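**Student:** The structure follows.
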Amino acid sequence: MVQVKDIGVLGVGGFVPDRVRTNEEVAAQAGVNAQWIAERTGVRRRHVAEPGQAASDLAVAAVRRALSAAGYGPDDLDLLVLATSTPDELGPSTACRVQAQLKASRAVAFDVSAACSGWLFGTSVAVNWLRAEGPGCLAAVVGVEAYSHFLNDTDRATASLFGDGAGATILGSVAPGAGFSRIELGSDGRHAGDVLIPAGGSRHPATAETLRNGQHLIHMDGKAVRDFILEIFPKLAHEALERSGLDASRIDAVVAHQPNPLLLRHACSQAGLDTDRLVIVGDDVGNIGAGSVPYALAAAEADGRLHPGDRILIVGFGAGLTWGSTVLTWGTGEPERQP
C-alpha cells in the first residue's frame, strides 16, 4: 500500500503596502463618518497599493517572507499557486509574473480564481500535487489582492471594507500526524452576481460606456453577502470538525476569511466556537480577499499563537459563490531536496 504523505505548512509570510487609508479618509469620500465605519464593520484602517504597484508585487514580498521563515529560497520551489481576483492582467497568469520576479525557475506556476476562498482552493491543489510527487518537493500558495485599483471610493459598502495585501504559505512534508486534514470545497454559481467586477472580461469587454458606468469596479450586494456568510460559516465549521472527529473544545485557533471583524465574530459565535480563539486581522488590514486566510496565519504565527500540535480550524468563503474548510494540525518538517 502506498503511504499518503502528511502535507503541512513549513513557513508563512504576510505583506501589506506601506500606505494606510484611515476611516476618516474613507468617510470623507463615501458620505459617512469614521465612527459609522468602525461601529458597522470593526475595520479601523486598510492598506493601499501605490500607483503602479500590482498584485504580483505584493505577492512576491509575501512569498519571500514565507520562504525565509521556512528556510528555503526561490530555487527550492517546485510549484507556485497564486489566488487572486485582481490579477496584473487578464492573461498571462499573475503566478508567472511572481515566478519571474522571484527567479523561481524550477517552479510550475499558475493562478486559481475562487475569490476570497482562493487560497484554500489553491492549497487543496498543492496538497494533492505534493502527495503525488516525490519526497522533498515544495509548493508556495499565495493569496493576494490589489482591490484599491477596483474600488468606487464613494460606495461606502465596498470602500469601507476592502484593502490590499498578500499572505503566503510554503507547503511540504511534515511530521506524521501534522498537516492538513481533508480539504472540502464547494461552489454555487447561481449567486455569482452578488459580488463581482461586471466589465473587462469577454462578457462585457472594455468600452467607453463600461468605463463611464463604473463597471470595472467592485459591485456588491451587501445583504446577500452577509446572509450567505452567516449561513455558510456554522455549516463549514461543523462539517470540518465532524470530518476530523473533533469537537469545538479541541480547536486551538480559528483562522477564517475576514469580510469584516464584527461579522466574523458574530458568525464564529453562531457556530458555537470560542471567539477568543479567533484570529482577527481585518481591523488593521480590512478585507484582503484571497490574502485574508494566509495573512491571518502569518499574523498568528508572528504573535506566538501557534504551537506544534495545535489544531487550527480554517474556513474560507467568497464570491462565486465559493467556500471551503479544513483542520490544520500545526507542525514542522524537513523535506530533503532531490538532486
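The values are calculated or read from the model by the stated rules, or taken from the named source; none is laboratory data. Being a predicted model, the structure only gives us computed values, none of them experimental. No Cβ is skipped: glycine too gets one built from the backbone with ideal geometry, and neighbour counts run over all protein chains shown. Note: accessible area is taken over every heavy atom of the protein model, side chains too, but ligands, DNA and RNA are not part of it. Shrake-Rupley method; radii C 1.70, N 1.55, O 1.52, S 1.80 Å.
**Student:** At 222 nm, what value in deg cm²/dmol follows for the chain if DSSP H runs of at least 4 each add -39500 (n - 2.57) and the sum is divided by all its residues, to the nearest 500? Can you show the working numbers first?
**Tutor:** Numbers: 11 runs with 113 residues, N = 339.
Estimated from H runs of four or more residues: -10000 deg cm²/dmol.
**Student:** Determine which lysines satisfy two conditions relative to Lys235: a Cα distance under 22 Å, and not lying fewer than 8 residues away in the same chain.
**Tutor:** Cα-Cα hits under 22 Å: Lys223.
**Student:** Right, next: Taking all protein chains together and a probe of 1.4 Å, list Thr86, Thr329 from the most accessible to the least accessible.
**Tutor:** Ranked from most to least accessible, the order is Thr329, Thr86.
**Student:** Moving on to the next point. Rolling a 1.4 Å sphere over the protein heavy atoms, what is the accessible area per residue of the chain, to the nearest Å²?
**Tutor:** Counting only protein heavy atoms, the per-residue value for the chain is 42 Å².
**Student:** Suppose the chain between Ser202 and Asp274 were pulled fully straight at 0.36 nm per residue; how much longer would it get relative to their current alpha carbon spacing?
**Tutor:** Result for the pair: 21.5 nm of gain on full extension.
**Student:** Still on this structure, I have one more. Strictly greater than 15 Å: what percent of every Cα pair in the range 71-152 meets that? Show your work: numbers first, answer last.
**Tutor:** On the way: 1864 of 3321 pairs.
Looking at the range 71-152, the distances longer than 15 Å represent 56 percent of pairs.
**Student:** Pull out a ≥ b ≥ c, the square roots of the eigenvalues of the alpha-carbon gyration tensor of the range 85-125, then state rounded if a/c is under 1.5, prolate if not and a/b is larger than b/c, and oblate in the remaining case.
**Tutor:** Numbers: a/c = 2.63, a/b = 1.37, b/c = 1.92.
The shape class here is oblate.
**Student:** Let me ask something else. I need the calculated FRET efficiency for the pair Asn213 and Arg243, taking r as the beta carbon distance and R₀ as 51 Å, to the nearest 0.05. Intermediate values should be presented prior to the final figure.
**Tutor:** Working: r = 45 Å, r/R0 = 0.88.
Approximately 0.70, to the nearest 0.05.
**Student:** Right, here's the next one. Quick one: if the Förster radius is 41 Å, what FRET efficiency do Arg19 and Arg182 give, using the C-beta to C-beta distance and rounding to 0.05?
**Tutor:** Details: r = 40 Å, r/R0 = 0.97.
Efficiency, from the Cβ-Cβ distance: 0.55.
**Student:** Looking only at Cα atoms, what is the convex hull volume of the range 235-324 per residue, in Å³?
**Tutor:** Working: hull volume 8.3 nm³, N = 90.
Cα convex hull per residue, to the nearest whole number: 92 Å³.
**Student:** Give me the three principal axis extents of the range 173-226 from the C-alpha atoms, as integers in angstrom, largest value leading.
**Tutor:** 57, 27, 16
**Student:** Now a separate question. Mind running the shape call on the range 117-176? Use the C-alpha gyration tensor, a ≥ b ≥ c as the square roots of the eigenvalues: rounded below 1.5 for a/c, prolate if a/b tops b/c, oblate otherwise. Each step should come with its number before you reach the end.
**Tutor:** Values: a/c = 4.12, a/b = 3.79, b/c = 1.09.
Here the range 117-176 falls in the prolate category.
**Student:** Debye calculation, C-alpha points only, no solvent: report log10 I(q)/I(0) for the chain at q = 0.07, 0.10, 0.11, 0.15 Å⁻¹, in the same order as the q values.
**Tutor:** -0.26, -0.54, -0.66, -1.24
**Student:** To continue, here is another question. With no solvent and one equal point scatterer placed on each C-alpha of the range 220-269, evaluate the Debye formula and give log10 I(q)/I(0) for q = 0.14, 0.21, 0.31 Å⁻¹, two decimals.
**Tutor:** -0.38, -0.78, -1.29
**Student:** Over 28 Å apart: what share of the alpha carbon pairs of the range 165-308 falls there, rounded to a whole percent? Each step should come with its number before you reach the end.
**Tutor:** Details: 3028 of 10296 pairs.
So the pairs more than 28 Å apart make up 29 percent of the total in the range 165-308.
**Student:** Carbon-plus-sulfur fraction of the accessible area of the chain, 1.4 Å probe, in percent? Each step should come with its number before you reach the end.
**Tutor:** Values: 7100 of 14380 Å².
Carbon and sulfur together cover 49 percent of it.
**Student:** Using a/c under 1.5 as the rounded threshold, could you call the range 1-145 rounded, prolate or oblate? The axes a ≥ b ≥ c are square roots of the C-alpha gyration tensor eigenvalues, and prolate needs a/b larger than b/c, oblate otherwise. Spell out each step's value before the answer.
**Tutor:** Numbers: a/c = 2.44, a/b = 2.01, b/c = 1.21.
Because a/c hits 1.5 or more and a/b exceeds b/c, the range 1-145 counts as prolate.
**Student:** Could you please state, rounded to a whole Å, how far the C-alpha centre of the range 193-241 is from the C-alpha centre of the range 85-137?
**Tutor:** 23
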